[in-house]
Amino acid sequence: MAHSDDTRTQNERSGGLIRKCLFPVAGYGTRFLPATKAQPKEMLPVVTTPLIQYGVEEALQAGMSNMAFVTGRNKRAIEDHFDVTYELEDQISGTSKELYLKSIRLLIDQCTFTYVRQTQMRGLGDAVLTGEPLIGNQPFGVILADDLCYNAGDGVMGQMAKLYEQYRCSIVAIEEVPAEDVSKYGIISGDEMDDGLIRINGMVEKPSIDEAPSNLAVIGRYILTPDIFDILRATPKGKGGEVQLTDALMEQAREGRVIGYRFKGRRFDCGSIEGFIEATNFFFEHVKPAN
Ligand code: UTP
């Protein structure tokens, strides 16, 4: 809950349009078993900070202070992380260790956190639709915390929030990936607009190299307009028997209402072991040295 005296959200204070960010965190994280047997993969730390905290920090920096989580079983640690831990805080209060909790206390003080459970893993599209009661009828950000993004200036979601002010349509972050990796992503096609922007006219979920319309992959950062919920309700199961967000976005793209944005910064695929190790080394050296 927000504890500051000024009850307006940071986004309201900064005049931003997007106040809420959705975090689908219901996945099983099977690639990290056994580590994820009894704890969410989003709580795995890169150096000392859990993946989900990086995501929330990025959303807050973008002016969104309302954090909405679509959770599942085994995800209670996420709720506990964004809450006060009285015994621990009492124990280290007044000692030099108090500093270690500064970053998370800041988030607890400045953000609100809401939760809803996805009862079955029916795919990312279904997870987003499950979040509808937390979002309502307004544009919102979506962060997949296992895509860890870093930029020295504005974070990726912040860059996208600025673009939204201008274009007022759905925006997805895109990145070039090697041809052999296209089958792991949603791949887009479209027409170049301004520098770094593409008006999307085609999207395919996890295509083979032959089917892929380009090597531009959608990564885990989205700004969505709320009509996506109605579209998702009508979207049948797609690739892998799951309700795919890509399929719903394609409906908007048919009307020219989705922009692909080549973001500034680096992205680490922390859903994979290699990406996670790479992020750990990068953050240890350049961003967040250990306590
Ligand atoms: P992934 O398929 O990459 O995540 O989903 P996963 O299932 O947790 O990982 P592995 O493959 O088993 O290791 C991408 C994102 O979408 C969320 C996941 O939590 C992850 O952040 N997701 C996916 C849901 O919340 N619900 C779903 O039904 C599917």
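Some values worked out for this structure:
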| read-out | value |
| --- | --- |
| Shape metrics for region 151-200, restricted to C-alpha atoms - Rg then Dmax, Å | 12.5, 35 |
| GNM result for the chain, Cα springs below 10 Å: residue of 230, 80, 90 fluctuating most strongly | 90 |
| Debye, to nearest 20: dipole size of the chain, +1 on Lys, Arg Cβ, -1 on Asp, Glu Cβ | 460 debye |
| Within-12-Å neighbourhood charge of residue 93 [Cβ basis; K, R +1; D, E -1] | -2 |
| Estimated [θ] at 222 nm from DSSP helical runs (n ≥ 4, -39500 (n - 2.57)) normalised by residues in the chain, nearest 500 | -8000 deg cm²/dmol |
| Inter-centroid distance (Cα atoms) of region 49-67 relative to region 20-36, Å | 16 Å |
| Sequence of 70, 172 once ranked by neighbouring C-beta atoms within 10 Å, starting from the fewest | 70, 172 |
| Sorted by Cβ density within 10 Å, fewest first, the residues 228, 198 | 198, 228 |
| Dipole magnitude (debye, nearest 20) for region 167-279, charges at Cβ of Lys, Arg, Asp, Glu | 380 debye |
| Computed magnitude of the charge dipole of region 110-175 (debye, nearest 20; Cβ of K, R +1, Cβ of D, E -1) | 200 debye |
| With at most 13 other Cβ atoms within 10 Å, longest stretch of the chain clear of loop GluC sites (Glu not before Pro) (DSSP) | 1-210 |
| Label-to-label distance, nm, for residues given as residue 91 and residue 239 (7 Å Cα→Cβ offset) | 4.5 nm |
| Given charges at Cβ of Lys, Arg, Asp, Glu: the chain dipole, positive-most of 36, 46, 149 | 36 |
| Using a Förster distance of 25 Å, the FRET efficiency for residue 274-residue 208 (Cβ separation, nearest 0.05) | 0.70 |
| Out-of-range pairs (alpha-carbon distance over 31 Å; input 41/264; 75/184; 37/162; 237/288; 102/184) | 37/162; 237/288; 102/184 |
| Relative counts (whole %) of C-alpha pair distances in region 12-108, using bins that are 10 Å wide | 14, 41, 33, 12, 1 |
| Formal net charge of residues neighbouring residue 25 (Cβ-Cβ distance under 13 Å; K, R +1; D, E -1) | +1 |
| Hydrodynamic radius (Kirkwood) for region 179-291, which is based on Cα pairs only, to one decimal in Å | 15.7 Å |
| GNM flexibility winner over the chain from 45, 236, 34 (Cα, springs under 10 Å) | 34 |
| Summed residue charge, Cβ within 15 Å of residue 227's Cβ, Lys/Arg positive, Asp/Glu negative | -1 |
| Shape of region 217-257, Cα gyration tensor, a/c cut at 1.5 | oblate |
| Scattering profile of region 243-291 at q = 0.13 Å⁻¹ [log10 I(q)/I(0), Debye over alpha-carbon scatterers] | -0.55 |
| Ascending count of other beta-carbon atoms within 10 Å, so fewest first, for 206, 237 | 237, 206 |
| Debye log10 I(q)/I(0) for the chain, one point scatterer per Cα, at q = 0.08 Å⁻¹ | -0.33 |
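Just so you know, all these numbers are worked out from the coordinates, no wet-lab data involved. All values derive from a computational prediction rather than experimental measurement. Reconstructed Cβ throughout: ideal geometry from the backbone, glycine too, with neighbour counts over all protein chains shown.
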